[in-house]
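First the structure, in the form of C-alpha cells, and then the observations on it.
The values are calculated or read from the model by the stated rules, or taken from the named source; none is laboratory data. Bear in mind that the values here come from a model prediction, so they are computed numbers and not experimental data. Cβ atoms come from the backbone with ideal geometry, glycine included; neighbour counts cover every protein chain shown.
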Amino acid sequence: MTQARRIIWLAATLLLLVLTFATGWLTAKVRVGSRVDRASLSDQERQFTDRMKGVALVGRFTVAGREERQPNPDRYEIASVEKVGASDWRFNARLKYGKVDVSLPVVVPIEWAGDTPVITMTDVAIPSRGTFTVRLLFYGDRYAGTWQHGQVGGHMFGRIEKIAGS
C-alpha cells in the first residue's frame, strides 16, 4: 500500500469512527427510539402529552436590562411531547425566533408542581443553538417562565394554541 493510500485509508477510518460516535451520542442525547409506554403514565402526564400534541407556543420574550423595549414575538411549534425517562421528556419541536427556524427533538427534565409541569433546564446544550437555562411552566392554555442564554436572559410568556389541521 502506498503512503497516499494509507493516509486516505486512515482519514476515512477516522471519519467513520467520528461519525459513528457522533451518531451514537446524538441518539442517546435525544433518546431516539425510546419512550415510556403511555399505559404507564399518570393521568396528569397523559393529559400533558395530549394537550401538547400539534400545538404552538405563541407569545413574547423580554431581555433583562432592556425593559423599556416591547417584548419580542416568540413561537415554538410542538408536534408532540413524549416521556422518555423518569423525569425526562422529549419535545419534538420547531423553534422559531428571530431569523432562527429549526426542527429538532429536545429532551428536557420536567418536574411537577402539583398539577403543573415545569421545564427545569440548567445549562443544557441544544445543538447549533448554544447552552440554555430555563424554568417554564405550563398551565391551562398558557405558559410562562424565565430563560438564560450565556449573559443574556429574560422572561417568556404566551398562549398554547392548537395548530390548524393537527
**OP:** Say whether the condition of being in contact with a strand residue (DSSP E or B) (Cβ under 9 Å, 6 or more places away or on another chain), of a type in the set (Val, Ile, Thr) and at pLDDT below 90 is met by at least one residue in the stretch 66-86.
**Re:** no
**OP:** Considering only the stretch 128-146, state which residues are assigned to a strand (DSSP E or B), under 23 Å from Asp101 (Cβ atoms) and under 14 Å from the mean Cα position of the chain (by Cα).
**Re:** Gly130, Thr131, Phe132, Thr133, Val134, Leu136
Original post:
Residue check: is His155 in contact (Cβ under 8 Å) with a residue 40 or more places away in the chain and not acidic (Asp, Glu)?
Top reply: yes
Subject >> Selection within the stretch 128-152 - surrounded by fewer than 18 Cβ atoms within 10 Å (Cβ to Cβ) and either farther than 16 Å from Val118 by Cα or in contact (Cβ under 8 Å) with a residue 40 or more places away in the chain (or both) >> reply: Ser128, Arg129, Gly130, Thr131, His149, Gly150, Gln151, Val152
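Within the stretch 57-77, count every residue that is more than 15 Å from Leu137 (Cα to Cα) and not in a loop (DSSP other than H, G, I, E, B). Spell out the reasoning first.
Within the stretch 57-77, the first condition is being more than 15 Å from Leu137 (Cα to Cα), and the residues that meet it are 62-75, 77.
Okay, now just the ones that are also not in a loop (DSSP other than H, G, I, E, B), so 72-75, 77.
Qualifying residue count for the region: 5.
Go through Ala93, Ala125 for me and flag whichever is among the small types (Gly, Ala, Ser), in a strand (DSSP E or B) and more than 13 Å from Tyr76 (Cβ to Cβ). Show your work before the answer.
Working: Ala93 fails: more than 13 Å from Tyr76 (Cβ to Cβ).
When all the criteria are applied, what remains is Ala125.
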